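Structure first, then comments.
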């Protein structure tokens, strides 16, 4: 919840809950925002072993929310499809904050679609690596 607190500042229902009607998109947003997705940093949050929190596709990079959304090269095509407009952001923290607090229908839908598509790509690449 430490990341969630960085962008959730007002008590109340989030706009995405009334915008996303498709269960798979809504669930992806809930899991990502609450820190219970399949990202290694979420799955292994209580482990003392840092290696369990590393990105499975990048050397020595934690698989954090920011890494997943903006840095991991495996998601470049998906990222370009949904977040091409964020390339001019001054910093990753600013871009992350902007994306997570975007109240617009388009922004919410793009984040949800990215989350679903990127997680599918992640799963496919992990299976292929076996």
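Structure summary
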read-out	value
Tally of residues being assigned to a helix (DSSP H, G or I) and surrounded by 14 or more Cβ atoms within 10 Å (Cβ to Cβ) across the range 25-51	13
Residue check for residue 63: touching a strand residue (DSSP E or B) at 6+ places or on another chain (Cβ under 9 Å) and modelled with pLDDT of 90 or more	yes
Qualifying residue in the range 101-117 (condition: assigned to a helix (DSSP H, G or I) and either over 15 Å from the mean Cα position of the chain (by Cα) or more than 23 Å from residue 36 (Cα to Cα) (or both))	yes
Residue in the range 63-76 that is more than 15 Å from the chain's Cα centre (by Cα) and either farther than 15 Å from residue 121 by Cβ or in contact (Cβ under 8 Å) with a residue 60 or more places away in the chain (or both) present	no
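The values are calculated or read from the model by the stated rules, or taken from the named source; none is laboratory data. All figures in this text were calculated on a predicted structure; none of them were measured in a lab. Methodologically, a virtual Cβ is constructed for each residue, glycine included, from the backbone with ideal geometry; neighbour enumeration extends over all protein chains shown.
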